[in-house]
Every structure is written in structure tokens, then in C-alpha cells.
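Let me begin by presenting the structure, written as C-alpha cells, before commenting on it.
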Amino acid sequence: MKLRAAVLEEFGRPLAVQEVDLAEPRAGEVLVRLVACGVCHTDLYTASGADPSGYVPTVLGHEGAGVVERIGDAVTSVALGDHVVTLFSPQCRECIHCRSSRTNLCLAIREQQNNGYLPDGTTRLGRSGEPIRHFMGTSTFAEYTVMPEIALAKINRDAPLEHACLFACGLSTGLGAAINTAKVEAGSTCVVFGAGMVGLGAVAGCRLQDAERIFCVDLSEERLDLARGQGATGTLIGGPDVVQEILDLTDGFGADYTFEATGLVGVMRQAVESARIGWGLCTIAGVAGKGETLDIVPRYLITGRRVAGSSFGGVKGRDQVPELVERALRGDIDVEPFISHRLSLDEVNRGFELMEAQDGIRSVIAFA
Ligand SMILES: NC(=O)c1ccc[n+]([C@@H]2O[C@H](COP(=O)([O-])OP(=O)(O)OC[C@H]3O[C@@H](n4cnc5c(N)ncnc54)[C@H](O)[C@@H]3O)[C@@H](O)[C@H]2O)c1
Ligand SMILES: [Zn+2]
Ligand SMILES: [Zn+2]
């Protein structure tokens, strides 16, 4: 079939929205009609050429939500008309990681996915015979995509798909960092560094876990307002003094749980240093630049602080994304404030510009 898609032709150049070809889903694969897709930093990171593992040509996009239009042989977990969220982090339910409750890092299709191929090592995307590689196994800046069924979370049809798409990446990452990775205990004190999509999700996750005090740290008052809307009980402007300010707010001890959602290694260090002596847990969700390292004075660890990393919030996507979407439907998670701009696919590059200008939390592409 023919469809419109945003193709990265060359690093550092705007995406080119154009007609491309998409082949039928093969065994274990599903054709999804996209209804909504968020524009995320990871798309921009790859488009800019900063990601050393990037490749071209490829169709970017990974925060998708849509409707199942066709299924390949042997597909059993989704059916025509199902509403789905795309998962760059799949869940095969069979590999050693999927069978463990300790991680969400499914091993089933990693290598092919990282190289831009579907699990059988080929692409469904192309253009006059030339293959176009898939991105993050999703390629959702397109009217349609073909994906493995293990990378689709079937959600409640009542959920607005423009809200649901945010659960494909940033929002689930933040929520999951608090719920799955840190397992925040009721009554605790939490500090979240960064009030973008991920940090705001972490604030909401701490609230859902019944934390008593939730401080959010950012440089933008506007974003800190959003953090209060998600349940932050206090806010702080980031900077060199913020660790001391957090110690002052916690009788000199530090917070039970800290979260880093900026991607800045200096802030990661602050998140470690503001975790509580004795048992403070620092969860790192931000992605640092290539080659950067995190400095920790070992004394912070010896005296009882721990550091954990969190990819996609430790969320096992097919099981947990539908649960998180249910919680949003019940009113536990207020998704609408995260959507700052609604764009058409043709305006995808505007989504990148808005993100670079830190204008709003998420731009969402609404497909006609
Ligand atoms: N672990 C994962 O699976 C995963 C998934 C998605 C995104 N991420 C990463 O999470 C990070 C956050 O993503 P996002 O979409 O929320 O980004 P974002 O850019 O929207 O938010 C980052 C926030 O950090 C704030 N900030 C900057 N300097 C600060 C400082 N010194 N102190 C406090 N706050 C400061 C900014 O004002 C901004 O609000 C990025 O590094 C992103 O790559 C990780
Ligand atoms: Zn993302
Ligand atoms: Zn698996």
C-alpha cells in the first residue's frame, strides 16, 4: 500500500513528508493505522545525527497509538479494530528477561530492531524498490506501520488515542520509574529533578504511590506549575544550591526517593547527593550524552544510598501500558495538560522546533 510518512533522508536535515510503500504484515506482524503520535527527544536526537547508532533513510516516530487494520499469520493477541499503543520496548513473554519480574528489557528482537529491521531481518517500508528502515521498531510518523505483535499493547477503546500515545514513551517512563523501579512507599518524601514529560510522569507516579511530600526541581516556573498540577507538594528552582535546599527541607537527611529526568550528568549527581543517608534510592531515567559519565563520591553509597537506572520505567509494555491507560481513564492520571500542541503529519518539523525551544511538554501529531 501507499501512505504518507516523515522520512529522515539525511542527518541534520528536516524530515521529508512523502509517499512511501508499505508491504503486507507477515507472520506475527500487524498493520496499524496511526491515529496519534507524540514527538519525542529521541526522534530529534536521531534526526540531528547525534546518535551514533542512527541510520538513513528511515521513518522516525515511536510514541504512536492507533487501530489494528490487518493481521499476519499466527497473530493471536490482537484483532481487527483493536486499539493499540506502540512499544519500542517489546514484551515477548518468553525470553529469560520477560519471565523475570526484575526487568522489562525483552531480548527477543533487540538486534534486528536496533538495526532498523523487523524480526525476520527485512523491512516492510520502501520506496520504488529501495528499502527504508524502521526506527525503534515502530516508525510511527506515518499513516500506517507494520509492527510485531509483541510490540503492541492492546488498550481500552474508550481511551482517547491522543492521550494513549503518550504512554508509548515519556509518560510511562516517568510513572514506571516511581511505581516499578523505585517502588515508592506510602508516606515517603520524593524529589524529582526535571519537569518534562518524564519528570512530570514521575511526580504523578509518586502521587499514585501515596508519597507524602513530592518536591519537583526545574529551571522553568511554567513547568513547575504543571508539576504542582500533577501532585508536587513543593517546587524548587534548579542550580548549584539545590542539594543543600533539599537537605534543609529533610532535617539534613535527604529524600527517601530521588528521580533524575533531565539527561544532565551534573543533575544526576545532585539526585544522588540529595537521596537520604541510610536508605535513599536515586532512580536515573535521563539519557546522558554519548561518552558522558556520572561522578559519585563513593562515600554516598557506603552510607546507604543506592542508585538505579530505569528504561521505559521498568514497564512491561503489553501487561502494564493497558493498566496505566485504565488508571488515566479512571481519572488517576491527568493527561491533557501534557499535550501542548496538536500538529498534522506535514508539520512534524514544527514539532522538533517547538521541542528545541522548550515550548510545551509534548506536541502530538493527529492523523487525519
Ligand atoms: N529511560 C527511558 O526509557 C527514557 C525514555 C524517554 C526519555 N528519556 C530521557 O529522559 C530525559 C527527560 O526527558 P523529557 O522528555 O522529560 O525531557 P525535557 O527536556 O522535556 O525535560 C527536561 C527538563 O529538565 C529541566 N532541567 C534542565 N536543567 C535542569 C537543572 N539543572 N535542574 C533541574 N531541571 C533541569 C528542563 O528545564 C526540562 O524541563 C531525557 O534525557 C530523555 O532522553 C528516558
Ligand atoms: Zn520517546
Ligand atoms: Zn522477551
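What follows draws every value from the coordinates through simple rules; no lab data is involved. Remember, it's a predicted structure, so these values are computed and weren't measured experimentally. Note that we place each Cβ from the backbone using ideal geometry, even for glycine, and neighbour counts take in every protein chain shown.
Only the Cβ atoms of Lys and Arg (+1) and of Asp and Glu (-1) were treated as charged; on that basis the dipole of segment 285-332 about its Cα centre amounts to roughly 160 debye. When Rg and Dmax are taken over the Cα atoms of segment 127-256, they come to 18.7, 66 Å.
Between the C-alpha center of segment 257-311 and that of segment 220-239 there is a gap of 20 Å. Normalised by the number of residues in the chain, the average gap of Cα pairs under 8 Å and 6 or more apart makes the relative contact order 18 percent. When only Cα pairs below 8 angstrom with a gap of at least 6 residues are kept, segment 293-368 shows a relative contact order of 24 percent.
All other residues whose Cβ lies under 12 angstrom from that of F352 are scored, Lys and Arg at +1 and Asp and Glu at -1, for a net of -3. Shown here: the chain, whose C-alpha atoms stretch 65, 40, 37 Å along the first, second and third principal axes, sorted largest to smallest.
I'd like the antiparallel share, as a percent to the nearest 5, of DSSP beta bridges with both residues in the chain.
Antiparallel bridges: around 55 percent, rounded to the nearest 5.
Cα centroids of segment 137-208 and segment 324-368: 13 Å apart.
Overall, the ratio between the Cα radius of gyration of segment 1-111 and 2.2 N^0.38 Å, rounded to two decimals, is 1.19. A dipole drawn for the chain from +1 and -1 charges on Cβ atoms has a positive end, and of S128, G66, L87 the residue lying farthest that way is L87.
Charge dipole of segment 272-368 (Cα centre as origin; +1 on each Lys and Arg Cβ, -1 on each Asp and Glu Cβ, all else neutral): 560 debye, rounded to the nearest 20. For the peptides 348-357, 292-301, 23-32, the ranking by packing is 23-32, 348-357, 292-301, with the highest mean count of neighbouring Cβ atoms within 10 Å listed first.
With neighbours defined as other Cβ atoms within 10 Å of a residue's Cβ, the residues M147, M1 order from fewest to most as M1, M147. Per q in 0.15, 0.22, 0.23 1/Å, what log10 I(q)/I(0) does a Debye calculation on the alpha-carbon atoms of segment 77-186 return? Values, matching the q order: -0.75, -1.35, -1.40. Calculate the translational D of segment 212-258 in whole µm² s⁻¹ from Stokes-Einstein, where the hydrodynamic radius comes from the Kirkwood formula applied to all Cα pairs, the temperature is 37 °C and the viscosity 0.692 mPa s. Estimated via Stokes-Einstein, D reaches 299 µm²/s. How many angstrom lie between the C-alpha centres of segment 1-17 and segment 90-110? Cα centroid of segment 1-17 versus Cα centroid of segment 90-110: 31 Å apart. When peptides 69-75, 322-328, 188-194, 159-165 are ranked by their average number of other Cβ atoms within 10 Å per residue, the highest-first order is 188-194, 159-165, 322-328, 69-75.
Sequence-distant contacts, meaning Cα pairs under 8 Å at least 6 residues apart, place the relative contact order of segment 209-368 at 14 percent. Put simply, the amide H of T258, placed in the peptide plane, has neighbours under 5 Å in V191, L281, C282, T283, leaving out anything fewer than 5 places away on its chain. For segment 116-155, a Kirkwood radius taken over Cα pairs fed into Stokes-Einstein (4 °C, viscosity 1.567 mPa s) yields D = 119 µm²/s. Along the axis of the charge dipole computed for the chain (Cβ charges of +1 for Lys and Arg, -1 for Asp and Glu, origin at the Cα centre), the listed residues A204, A227, A368 are led at the positive end by A204.
If you scale each eigenvalue of the Cα gyration tensor by 5 and take the root, what three semi-axes come out for segment 206-347, rounded to whole angstrom and sorted largest first? Write down the numbers at each step before the final one.
Numbers: eigenvalues 152, 65, 61 Å².
Those come to 28, 18, 17 Å.
Charge dipole of segment 1-136 (Cα centre as origin; +1 on each Lys and Arg Cβ, -1 on each Asp and Glu Cβ, all else neutral): 240 debye, rounded to the nearest 20.
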